[in-house]
Amino acid sequence: MRVVSGIQPTGTPHLGNYLGAIVNYVRLQDEAEVAGGDCLIFLADLHAISMPHDPARLHAATLEMVATLVACGVDPRKTVLFNQAQVHQHAELQWLLSGTARMGWLNRMTQWKDKAGKNREGQSVALFSYPVLQAADVLLYQATHVPVGEDQKQHLELARDIAQKFNNDFASEEAPVFTLPEPIIPPGAARIMSLRDGSAKMSKSADSDMSRINLSDDPDTIARKIKKAKTDAEPLPSEAKGLEARPEALNLVTIYAALAGSSVEAVLGEYGGQGFGSFKPALAELTVASLSPIVERFTALRDDRESLDAILARGAAQARELAIPTLAAAYRALGLVRA
Ligand code: TRP
């Protein structure tokens, strides 16, 4: 079992990042340890340059996300934690895979279509070939399990297609160069929405800071944001079906369930029939209690440049070691060095 996943260094980490992706990393890190496998988690800083970006901010955001991951329980002693840019094998393998990936495959990627919109001609080449780098990220390590959100499933399928075609074209069946990775889409992954608009994902780029709970918020701020969160006037239903047309109410119940490690049904079992006047304070209390140790670790580590640099340097050294054999095999298979 080899778990490999990447996360964008978005900056301003929030509750949505935590409950969406990071909780799942922590679970898989522990599963890999029990199974005698390994877990690699990296900051996808190379991917970040596919869109206009500010270099100083990118670096700060990368460090901030490392602090977030560690604060949330990604343990650098159990997980190889690093940033792509320090492991040159990612970019190198991407080029080798570019000979195998097909224009038509990339043209079908919905993320490319969404991000490029009507202005394809004006996009960077990196935005177009983004999924090839993503394929390199996982194929480089012979990943077996790749935890991703639903929106990244198509990129993982592309990685499998690239691996399969490469193996077919350049390797024998007995000695394939690449392992086909399996996407792991957590069944109960909580999709956390904005506190102001139940139809938009909680996001660092939303205008209003009231729409998200940041991992740097103090308890009073967290409580105030929950108190002010948009809701409707109805009491909570006692079954999940009653939340169907009530996205804001569903979101608050989802947050409660995710933090309590329970389910929407169970939360409604307890709070069904009650209004937000009693549910919101309970949610605020739970959120503060769950986040305060994380917020505390995060704020301490965020400013500790030395520790963050050391974590990344060590992770990168480990990642490079793991990457060397597969990259060498790819060079040999392509006839770029003597087989
Ligand atoms: N594209 C992913 C995202 O936006 C991040 C990512 C980059 C990734 N490389 C990866 C995820 C490799 C899984 C495996 O969320």
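The values are calculated or read from the model by the stated rules, or taken from the named source; none is laboratory data. Computed from a predicted structure; not experimentally measured. Positions of Cβ are generated from backbone atoms using ideal geometry, with glycine treated the same way; all protein chains shown enter the neighbour counts. Accessible surface is based on the protein model in full, side chains and every heavy atom, while ligands, DNA and RNA are left aside. Shrake-Rupley method; radii C 1.70, N 1.55, O 1.52, S 1.80 Å.
Key figures
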{"quantity": "Residue 18 being in contact (Cβ under 8 Å) with a residue 60 or more places away in the chain, within 15 Å of the ligand (Cβ to nearest atom) and surrounded by fewer than 23 Cβ atoms within 10 Å (Cβ to Cβ)", "calculated": "no"}
{"quantity": "Count of residues meeting criterion [among the aromatic types (Phe, Trp, Tyr) and under 19 Å from the mean Cα position of the chain (by Cα)] in the stretch 101-138", "calculated": "2"}
{"quantity": "Verdict on residue 196 being under 15 Å from the mean Cα position of the chain (by Cα), closer than 30 Å to residue 257 by Cβ and not aliphatic (A, V, I, L, M)", "calculated": "no"}
{"quantity": "Test: residue in the stretch 239-250 that is out of contact with any helix residue (DSSP H, G or I) (no Cβ under 6 Å at 6 or more places or on another chain) and under 30 Å from residue 9 (Cα atoms)", "calculated": "yes"}
{"quantity": "Residue identified as assigned to a helix (DSSP H, G or I) and in the same structural domain as residue 30 (by TED's automatic domain parsing) among 53, 59", "calculated": "59"}
{"quantity": "Some residue of the stretch 52-63 being under 26 Å from residue 33 (Cα atoms), of a type outside the set (S, T, N, Q) and open to solvent by less than 60 Å² (accessible area, probe 1.4 Å)", "calculated": "yes"}
{"quantity": "Residue in the stretch 70-81 that is in a helix (DSSP H, G or I), in contact with a strand residue (DSSP E or B) (Cβ under 9 Å, 6 or more places away or on another chain), at pLDDT 95 or above and under 18 Å from residue 23 (Cβ atoms) present", "calculated": "yes"}
{"quantity": "3 or more residues of a type in the set (Ser, Thr, Tyr) and either open to solvent by 30 Å² or more (accessible area, probe 1.4 Å) or not assigned by TED's automatic domain parsing to the domain that holds residue 53 (or both): qualifying helices (runs of 4 or more DSSP H) within the stretch 202-306", "calculated": "276-302"}
